[in-house]
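Undergrad: My structure is below; once you've seen it, I'll send some questions.
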Amino acid sequence: GDSVTQMEGPVTLSEEAFLTINCTYTATGYPSLFWYVQYPGEGLQLLLKATKADDKGSNKGFEATYRKETTSFHLEKGSVQVSDSAVYFCALSAGRRALTFGSGTRLQVQP
Amino acid sequence: ETGVTQSPTHLIKTRGQQVTLRCSSQSGHNTVSWYQQALGQGPQFIFQYYREEENGRGNFPPRFSGLQFPNYSSELNVNALELDDSALYLCASSLGLAGGPEAGELFFGEGSRLTVL
C-alpha cells in the first residue's frame, strides 16, 4: 500500500538557519505529493504540492522537488524564522485514493 | 468565505458509549473527508463523502459511520467507543473527489479532540 516516511523530530534550529526535512514515499502509480503544515492551535494547511516528476512546489520560501528516481520530496527553506515553528506533514495522493500522511516532523526555531 | 468548522472542539466519553462529531464544509465544497490523528501521528483516512454518498473508506471498522447532508455538512459517528479511539478527528472539505483536478486540495478544520476513558 501507499506509505510516507519522514524524518523524526523535533528539529531545533536557530533563526536564519537552513532547513531540510526529509520525506520518502512508496506508492502504486504516479502520486501527487504534498507538504502540509500545522501551526499551534490551528488546522492543517496546504503548504505546497507537486503533481509530477521533477516538478518543484514552492510557497512562503519553502521548496520541495518531486524526485521519482529516489521517491523523495524533501522540504527545504533557506532561512527559517521563529514563525515557521510548526509540525510539517508530508503526504501523497495516488489515483483516486485519499491522502496518505507521514507521521509529522516538529520544527522549533529559536530566536 | 467561511472555512471548515467542527464541533465540539473537545469531548470526553467512556468506553462503550457513542459519539457524533459535526463538520460544516467550506462554502462551495461538495466533498468531505474525515481523518483520525492519534497523538504524535499523522492523520489516517477514515472515509470520504461526495454528494451525500460514501465514496472511499480507509481501514476502519463499521462502527465508524458517517453522513453527508444536502448542504454538504457532515457527521462522523462512532459506536461502542474503545480507548484507542482517543484522538483528534479532522474534517476536510474539497471541491471534487480525490484524483480529480483538485486532488489533494483539502481544507481542514481545527478538529474535535475525543478522549475515551
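Undergrad: I'd like to check one number: the per residue accessible area of chain A, probe 1.4 Å, reported in Å² as a whole number. Kindly include the intermediate steps, with their values, before the conclusion.
TA: Details: 5270 Å² over 111 residues.
Ligands and nucleic acids excluded, the result is 47 Å² per residue.
Undergrad: On the accessible surface of the protein assembly as shown, probed at 1.4 Å, how many percent belong to carbon and sulfur atoms? Walk me through the numbers on the way to the answer.
TA: Details: 5140 of 10910 Å².
With neighbouring chains kept in place, the figure for the protein assembly as shown is 47 percent.
Undergrad: If I take R0 = 41 Å and measure r between the Cβ atoms of B:GLU54 and A:LYS68 in this structure, what FRET efficiency does the formula 1/(1 + (r/R0)^6) give, to the nearest 0.05? Before the final figure, lay out each step's value.
TA: On the way: r = 33 Å, r/R0 = 0.79.
Here the calculated transfer efficiency is 0.80.
Undergrad: I've got another one for you. In Å² (nearest 100), what accessible area is buried between A and B, both sides summed, heavy protein atoms only, 1.4 Å probe? Please list the in-between numbers first.
TA: On the way: alone 6010 and 6360 Å², together 10910 Å².
That pair hides around 1500 Å² of surface in total.
Undergrad: Taking the alpha-carbon centroid of each part, what is the distance from region A:1-76 to region B:10-56 in angstrom?
TA: Region A:1-76 and region B:10-56 have Cα centres spaced 24 Å from each other.
Undergrad: Over the Cα atoms of the protein assembly as shown, what is the Rg over Rh ratio if Rh follows Kirkwood? Intermediate results must be reported in sequence, preceding the final value.
TA: Working: Rg = 17.4 Å, Rh = 18.0 Å.
Checking Rg against Rh, the ratio lands at 0.97.
Undergrad: Of chain A, which part is the longest with no trypsin sites (Lys or Arg not before Pro) in a loop (DSSP not H, G, I, E, B) and with at most 14 other C-beta atoms within 10 angstrom?
TA: Answer from the scan: A:1-51.
Undergrad: Over region B:2-114, with the other protein chains present, what is the accessible area per residue in square angstrom, probe 1.4 angstrom?
TA: Working: 5280 Å² over 113 residues.
Averaged over the residues of region B:2-114, the accessible area is 47 Å².
Undergrad: Evaluate the charge dipole of chain B about its Cα centre and quote only its size in Debye, nearest 20, assuming +1 on the Cβ of each Lys and Arg and -1 on the Cβ of each Asp and Glu.
TA: That gives a dipole near 340 debye.
Undergrad: Next question, about the same structure. Along Cα→Cβ, 7 Å out, is where each label goes; now give me the distance between the ones at B:THR115 and A:GLU15 in nm to one decimal.
TA: 3.5
Undergrad: Right, something else. Between A:THR28 and A:GLN108, what length in nm is gained on full extension when 0.36 nm per residue of separation is reduced by their alpha carbon distance? Walk me through the numbers on the way to the answer.
TA: Numbers: separation 80, 0.36 × 80 = 28.80 nm, distance 3.36 nm.
Full-extension gain reported as 25.4 nm.
Undergrad: Run down the lysines and flag those whose C-alpha is under 28 Å from the C-alpha of A:LYS60, throwing out any fewer than 8 positions away in its chain.
TA: Reachable lysines: A:LYS49, A:LYS52, A:LYS68, A:LYS77.
The values are calculated or read from the model by the stated rules, or taken from the named source; none is laboratory data. This structure is a prediction, so every number in the text was calculated from the model and none was measured. Positions of Cβ are backbone-derived with ideal geometry, glycine not excepted, and every protein chain shown enters the neighbour counts. Please note that ligands, DNA and RNA were not included when accessible areas were found on the heavy atoms of the full protein model with its side chains. Shrake-Rupley method; radii C 1.70, N 1.55, O 1.52, S 1.80 Å.
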